[in-house]
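The values are calculated or read from the model by the stated rules, or taken from the named source; none is laboratory data. Note that this is a predicted model, so its numbers are computed, not measured. Here Cβ is always computed from backbone atoms with ideal geometry, including for glycine, and neighbour counts include all displayed protein chains. These accessible areas exclude ligands, DNA and RNA; they are computed on the full protein's heavy atoms, side chains included. Shrake-Rupley method; radii C 1.70, N 1.55, O 1.52, S 1.80 Å.
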Amino acid sequence: MVDLESEVPPLPPRYRFRDLLLGDQGWQNDDRVQVEFYMNENTFKERLKLFFIKNQRSSLRIRLFNFSLKLLSCLLYIIRVLLDDPTQGHGCKELNRGCSSQNYTPAKIDWSPIIWVNRSLPLWGLQVSVALISLFETMLLGYLSYKGNIWEQVLRIPFLLEIINAVPFIITIFWPALRNLFIPVFLNCWLAKHALENMINDLHRAIQRTQSAMFNQVLILISTLLCLIFTCICGIQHLERAGNKLTLFDSLYFCIVTFSTVGFGDVTPKIWPSKLLVVIMICVALVVLPIQFEQLAYLWMERQKSGGNYSRHRAQTEKHVVLCVSSLKIDLLMDFLNEFYAHPRLQDYYVVILCPTEMDAQVRRVLQIPMWSQRVIYLQGSVLKDQDLLRAKMDDAEACFILSSRCEVDRTAADHQTILRAWAVKDFAPKCPLYVQILKPENKFHIKFADHVVCEEEFKYAMLALNCICPATSTLITLLVHTSRGQTAPWEAFRHLTGTKQTLTREGQQSPEQWQKMYGRCSGNEVYHINLEDSTFFAEYEGKSFTYASFHAHKKFGVCLIGVRREDNKNILLNPGPRYIMSSTDICFYINITKEENSAFKKQEQHRKNNESKSYYHGPSRLPLHSVIASMGTVAIDLQDTGCRSSSGPTLTLPSEGSKNGRRSSIAPVLEVADSSSIQVCDLLSDQSEDETTPSDDEISTGLEYAKGYPPYSPYIGSSPTFCHLLHEKVPFCCLRLDKGCQHNYYEDAKAYGFKNKLIIVAAETAGNGLYNFIVPLRAYYRPKKELNPIVLLLDNPLDDLLRCGVTFAANMVVVDKESTMSAEEDYMADAKTIVNVQTLFRLFSSLSIITELTHPANMRFMQFRAKDCYSLALSKLEKKEREKGSNLAFMFRLPFAAGRVFSISMLDTLLYQSFVKDYMISITRLLLGLDTTPGSGFLCSMKITEDDLWIRTYARLYQKLCSSTGDIPIGIYRTESQKLTTSESQISISVEEWEDTKDTKEQINNRNNHRNSTSSDQSDHPLLRRKSMQWARRLSRKVPKHSGKTAEKISQQRMSLYKRSERQELAELVKNRMKHLGLSTAGYDEMNDHQNTLSYILINPSPDTRLELNDVVYLIRPDPLAYVPNTASSRKNSFCNTIGQDAREETQL
């Protein structure tokens, strides 16, 4: 074996590693020269400078040693003073013998006690050593910091003080006679102050602490004050050695009394040098201290603006969340705080607000309220800076909420800022949960890593679309995602349990209007979750069908089970249908006034329950007590009998006068486990059971053929694919212009197209990608073809374009808030243009159903505004009372909001806030709105109660009917009632006699009676005359001579015709004339048919005993029809549907 070490020659250690890397074996013949590079530190001076000044840690040690040395010198001075006795001579024996025998008068000062002191030899040795070390260090640092100007180093105050305190001690080494010479060593306190400042700066550099300006300034102020007092104490004590011979304690007492401006006068200086020193020190204090206080106040104000830091100790011991916004408005802040702290388990959380702008006056006033000042911390800073994130302790936060600024003119730029903030937080604190609000759907894929994302335009357009199908869907969702503050307080619950009188504070309970009480009571329903095996509501339904559990839970407890989630699956299923069997590990989602954990249960006898039920109901639609459950405190719930009633029982028997041929006289019970015969698939898919291969007559006439499938193109990344109705062939782009003809068709207005269904008009500023979420719900696969409404996009809304697009025969008009008007100099004026335009539409087309989006919810009170409407004034007073009581939805009683005709997307901000406690709320809301489609999950739809359905009578029987036949789950009622109001002042016509100068009293009464009798019976149709028309008629009557009979009679008739014209008639004539000018037919324009005398509201999860009324719209969660479709669709269609026939469909159709 060859010895490798003998073959390879040894390499010098200096080059061995380099040569091994380079593979250089010929190092002996290498003539290269090694060059060493230095960073200006090769000299001895630079290395000393590196050690004493540049290096943070070594410089900190040097400055700490210097600070200790100065403190030691001051301590030695105090020891010398305590050991010195002025009466035992003054150490001047060598220079002035016999000076102690001189007699001094008070007018003549003895300077020897001031110049000479008694200093022992050991003490002198210590002071000399300290002086030598201090002088050497000062000279060394001066040499190292020398930059060419020697006088700049010499004339520095610290250098001069060092020379004064150190050089005399060095001189005493060579001249022993001066060993007892007085040296003002107490001035080293100022050098100690200077060393302390430098030491703190080095300390902050060493520990990387940047936010220390406030601490430094406080330290400087305190050290300055202490140095002033210490200098004054030592100076007065030494100078008074020739006077009152004060001790150090007496001097301390005198200085404190003097600087505090008390001035008792019991201790005063006697000689003029002492008095001069006091004057000098007071002047110095009057100059130095105010400067220090001013700097401290300035830093304090700046810190108040920036917010300081969130304590690291508090972050480790307390829980906090961070709210990141670009600009903080008072409405956004209060919405967040009210919703966040509405949950009991979040009461101990801190909220840290990180905003780049300065806090405005309104926010400052709110945060000074004790309720918020102890829990909310405002920090001015940028999320993109790690220093500001460190100040907010983002890495220790429980969650981070990032909100977009919807008031920006460029909403895309606002989204870009939000995306960068989300990236910055994820980079700094990867484990911190992110809750992000985005505006544009096309920007959503940039923040897919966030835990929860709410896209504003997605939710906005989906709610607007569903408002056209299911009325007031926006109000329904808003009420579900809000936490009602008008709940029974724990103290009130305690009073209820103890038998004392209970006062309900829920919204609307103090109102005399019955609909407001019902509406306010049901608005407190929210979505909660619980494990099936841990639930009292649903535990007994394990192994039973979902519809069986939902019906009996509502019947027994008044709760509405709407969805479940398997333990091994993250997808939530809304109403999975009767074939879904409940498991013990399922998570149940239900709607109720309160969650189950805050409820207590009691069992009562059946007859007592019936008696109480009768006593609680005084009307057909009053809610029972068991559905009025407080969300705080302990509340008792009466358990209902869950036994299935007989199908032929008297309460379910169909009245004889309402019976029909082919319909059963009772409602079938809900089966525990559904079988194939109990599920009427053809009824579930009745809308889809139309012959898709053979187009209908309507389709042939319009030339439209539909097919079901997924949209071939997605407008943005991240959109959920939805199965919907599609055209077989793509329509050319030129045919999409409704007001301009093309080579394929010559239609120029909506009427010429001959649409069978009413239009849905969308008035928007631009056709953005979010509009996709408006179209898809209206073309969903579960909607029947015969009910598909044409959609017209109106990018501008002058009167001519409105008439051409068919506004006179439209079903709904959706007015989307324009982006260009969302920002205004005055915040609440952002909705001014939208409100006035909608008011104009409301006056021109009173029968048109207008759905409006606003930026600020507070502006809802201006929708359909009537200045002197008494009922509107009463609602305004009710809103103010509810706001004073702390309600988060004080505007809920406004008629446009209750009817679902107006909403603000800012009301959905609470959806993001609630997801911190209820992480499933965003998923459930997206499923309800159709933004997400999960296989096996149901969808939101509605049905209308007709006269043929009134035999069901109650909501509980309707629940049973739907669960037993179609598997639908009702979740609420949209009710419309006639508005029985007294005639308001604005609706009374102004009579002619009010504008004439002199008239006979009888003629006035006759004219007024005739004029009132000529008006419509509808209270809202009384004419309102215009002031200009009446003034013109009055001037015309004065110009005509009174003796001309025929002319006066003719003019009088013309004047009466003007008076009798109402404002609505004038507007109707304006619209009709414009339609005639455009060549449009006026046949479909009905100017007198409006709904101003009705009010609508929502009852979420009403009581089982609530009476159904005519024209009630019931919100349903219908099972997914595709979940019941067999493998062969043709066999399902031909065999199953034909066997059931029309009779079975009538049995299930309400």
Loop chymotrypsin sites (Phe, Trp or Tyr not before Pro), the stretch 245-274 (other Cβ atoms within 10 Å of the site Cβ: 11 or fewer; DSSP): 264
Paramagnetic reach from residue 765 (point 7 Å along Cα→Cβ, amide N under 13 Å) across the stretch 405-439: 406-414
For the stretch 318-454: lysine pairs under 23 Å (alpha-carbon distance), excluding those fewer than 8 apart on one chain: 18
Long-range HN-HN contacts of residue 763 with modeled amide H, under 5 Å: 794, 814, 815, 816
Among the listed pairs 517/881; 708/785; 70/245, those beyond 19 Å (Cα-Cα): 70/245
Chain lengthening between residue 811 and residue 248 when straightened (0.36 nm per residue, less Cα-Cα): 193.1 nm
Filtered chymotrypsin sites (Phe, Trp or Tyr not before Pro), the stretch 707-800: DSSP coil and at most 13 other beta carbons within 10 Å: 713, 746
Extension gain from residue 154 to residue 311, taking 0.36 nm per residue of separation minus the Cα-Cα distance: 52.1 nm
Percent accessible area from carbon and sulfur atoms, the stretch 307-450, protein chains only, probe 1.4 Å: 51 percent
Computed Kirkwood radius, in angstrom, where 1/r is averaged over Cα pairs of the stretch 738-805: 13.4 Å
Euclidean distance of C-alpha centroids, the stretch 869-926 and the stretch 307-327, integer Å: 29 Å
Label point distance in nm, residue 570-residue 866, each placed 7 Å from Cα along Cα→Cβ: 5.2 nm
Solvent-accessible heavy-atom area per residue, rounded to whole Å², over the stretch 307-450 at 1.4 Å: 42 Å²
Alpha-carbon centroids, the stretch 353-382 and the stretch 128-159: separation in whole Å: 49 Å
Loop sites in the stretch 397-441: trypsin sites (Lys or Arg not before Pro), DSSP, at most 16 other Cβ within 10 Å: 431
Calculated FRET efficiency for the pair residue 705/residue 799, C-beta based, R₀ 35 Å, to 0.05: 0.50
Nearest-20 debye value, the stretch 307-450 charge dipole, Cβ charges on Lys, Arg, Asp, Glu: 180 debye
Label point distance in nm, residue 47-residue 714, each placed 7 Å from Cα along Cα→Cβ: 6.7 nm
The stretch 307-450: translational diffusion in µm²/s, Stokes-Einstein, Kirkwood Rh over Cα pairs, 20 °C, 1.002 mPa s: 139 µm²/s
Normalised per residue, the volume of the convex hull around the Cα set of the stretch 157-254 (Å³): 122 Å³
Extension gain, residue 345 back to residue 409 (0.36 nm per residue minus Cα-Cα distance, nm): 19.2 nm
Separation of the residue 275 and residue 215 label points, Cα + 7 Å toward Cβ, nm: 4.7 nm
Rounded Å value of the spacing that divides the Cα centres of the stretch 397-426 and the stretch 518-591: 36 Å
